[in-house]
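The values are calculated or read from the model by the stated rules, or taken from the named source; none is laboratory data. All values derive from a computational prediction rather than experimental measurement. Here the Cβ positions follow ideal geometry from the backbone for every residue, glycine too, while neighbour counts run over all protein chains shown.
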Amino acid sequence: MGSSPFIVTAALPDDIFAWADALRRAHFPPERNHLHAHVTLFHAFAPALFQELRDYLPRVAREFAPPVGRIAGLMNLGKGTAIALHSPDLLGIRAQIADHFHGSLTAQDLHEPRLHITIQNKVTADDARALQARLRGAIEPREFAFPALELHIYRGGPWEFVKRCAFRRQ
């Protein structure tokens, strides 16, 4: 698989994905928007872990019903804006994956993430605050279930999709 790192994300249900992706297309600088809306769980697994990731992620996903998530409002990223998410169940699954790969995680992935969907990044802090002011009140709390984990290869800008690992049906 080369020397590119692997990224693990939580897939969004179709309706949440379409809504968040439309916000991302509308507010992310187009020359820098190489990705669709996503929820990153791990930013960079070493290429040497590909086989283990490919085998382990489906096993983990099959152990769990789709974890419940909740849209919790807006998140200020400093020079960007995100939709804040809350999901103790998804963070628990992430912790299990992190424990399995203990000793192989990057410094960035050692810490539990603040779950979010980035809809704007790499803008000025003033532009980010202006978008947050415009969207305040338009981002309503809402529950949903994450349908799957996904594995991607980082390719500089765009990611290459590798595998979707569906959670067990309830």
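Residue count for the stretch 17-49 under the criterion of being in contact (Cβ under 8 Å) with a residue 24 or more places away in the chain and over 23 Å from V123 (Cβ atoms): the result is 7. Consider the stretch 98-124. How many of its residues are surrounded by 12 or more Cβ atoms within 10 Å (Cβ to Cβ) and small (G, A, S)? Residues meeting the conditions: 2.
Could you list all residues from the stretch 122-146 that are among the hydrophobic types (A, V, I, L, M, F, W, C) and under 21 Å from R25 (Cβ atoms)? Of everything in the stretch 122-146, those that are among the hydrophobic types (A, V, I, L, M, F, W, C) and under 21 Å from R25 (Cβ atoms) turn out to be V123, A128, A130, L131, A133, L135, A138, I139, F144.
Quick grid of which residues meet (1) surrounded by 13 or more Cβ atoms within 10 Å (Cβ to Cβ); (2) outside any helix (DSSP H, G or I); (3) at pLDDT below 95:
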residue: G2; (1), (2), (3): no, yes, yes
residue: V8; (1), (2), (3): yes, yes, no
residue: I16; (1), (2), (3): yes, no, no
residue: P66; (1), (2), (3): yes, yes, no
residue: I71; (1), (2), (3): yes, yes, no
residue: M75; (1), (2), (3): yes, yes, no
residue: K79; (1), (2), (3): yes, yes, no
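A count restricted to the stretch 48-64 and to residues that are within 17 Å of H38 (Cβ to Cβ) and either part of a strand (DSSP E or B) or of a type outside the set (A, V, I, L, M, F, W, C) (or both) stands at 0. Between R164, R169, R155, the distinction of being closer than 24 Å to D15 by Cβ, among the charged types (D, E, K, R) and at pLDDT below 95 belongs to R169 only. Of all the residues in the stretch 125-159, those that are exposed (fewer than 11 other Cβ atoms within 10 Å of the Cβ) and either closer than 26 Å to A44 by Cβ or in contact (Cβ under 8 Å) with a residue 24 or more places away in the chain (or both) number 6.
Taking the criterion of being touching a residue at least 60 places away in the same chain (Cβ under 8 Å) and in a strand (DSSP E or B), the only residue of the stretch 81-92 that qualifies is I83.
Could you list all residues from the stretch 77-100 that are over 16 Å from the mean Cα position of the chain (by Cα) and more than 19 Å from F167 (Cβ to Cβ)? Hits for the stretch 77-100 are G78, K79. Among all residues of the stretch 67-78, there is at least one that is over 30 Å from D126 (Cα atoms) and hydrophobic (A, V, I, L, M, F, W, C).
Residues in the stretch 51-71 that are within 15 Å of P5 (Cβ to Cβ) and without any contact (Cβ under 8 Å) to a residue 60 or more places away in the chain: Q51, E52.
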